[in-house]
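The values are calculated or read from the model by the stated rules, or taken from the named source; none is laboratory data. Model, not experiment: these values are computed from the prediction. Quick reminder, even Gly has a Cβ in these numbers, built from the backbone with ideal geometry, and neighbours come from all protein chains shown.
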Amino acid sequence: MRNKIVAGNWKMNKTYKETKVLVKDLMKQVKGVKLTDTRVIIAPPFTNLQKASKMTKDCKIEVAAQNMHQAESGAYTGEISADMLKSIHVETVILGHSERREYFGETNELLAKKVDTALAHGMEVIYCFGEVLEDRKSGNHFKVVEEQIKKGLFHLTSDDWKNVILAYEPVWAIGTGETASPEQAQEMHAFVRELVAQRYISDVAEQVSILYGGSVKPGNAKEIFSKEDVDGGLIGGLMILQRSLKRYK
């Protein structure tokens, strides 16, 4: 059975003090949520990872990093390595987020290297992909997504996929007020699952969790998450993350 996952990407938000307050609040909320087959993951900024990790040590909330460098170490000013994350008990990392692709020029080829480094260190990867509005309007969205997944992940072995979570981000629906309909989300998720099944055995495709990451709101979370191939959400809004947790009570 695939895990249901509610993941919160905090982006460049929350100071050290604010992080403590929010984590405490989330810990209280999680106590009232049935988490038999549901995982809750939060991704604070680098400066707050260690504190969040310590606070959630005995809680069902997991902590992830928002990014990491592909090199083991070296002269990469401002970057963070897999070993650094592991040393503070952070075992999951988000890679390929649309903002990393757009603002920092991260390519599928670069992301493949980052994925390899993370997996080599026994980390779990949340791999993001998705199309922009132009691709959606031109009907090119399936081709774009296929390329992002093939170039970033299809060099992996079947065993590697045990540590991969997929996250579909329709970029045109992030921060724009637009949201992909539940039917559009299901259509893309089903396409991706079939894509993985064609490259690997069907068991790999059936076991990988695919999250939706396009402006999830309290009003649409339940309907989107209930779709057959949608296994949860990668949520950017912190208040929305808190409210979405209530859908699992």
Quiz item: Which residues, counting only those in the range 33-83, are more than 20 Å from the chain's Cα centre (by Cα) and among the aliphatic types (A, V, I, L, M)?
Solution: Val33, Met55, Ala71, Ala75
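Quick one: which helices (runs of 4 or more DSSP H) sit completely within the range 136-225 and have at least 2 residues that are among the acidic types (Asp, Glu)?
Correct list: 141-153, 182-199, 202-207.
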Practice problem: With respect to Gly96, determine if the residue is surrounded by 16 or more Cβ atoms within 10 Å (Cβ to Cβ) and closer than 17 Å to Glu194 by Cα. | Solution: no
Quiz prompt | Sole residue being in contact with a strand residue (DSSP E or B) (Cβ under 7 Å, 6 or more places away or on another chain), within 20 Å of Ala65 (Cβ to Cβ) and modelled with pLDDT of 95 or more, chosen from Glu124, Glu106 | solution = Glu124
Quiz prompt | In the range 196-208, residue farthest from Asp37 (Cα to Cα) [restricted to those that are within 19 Å of the chain's Cα centre (by Cα) and of a type outside the set (Asp, Glu)] | solution = Val196
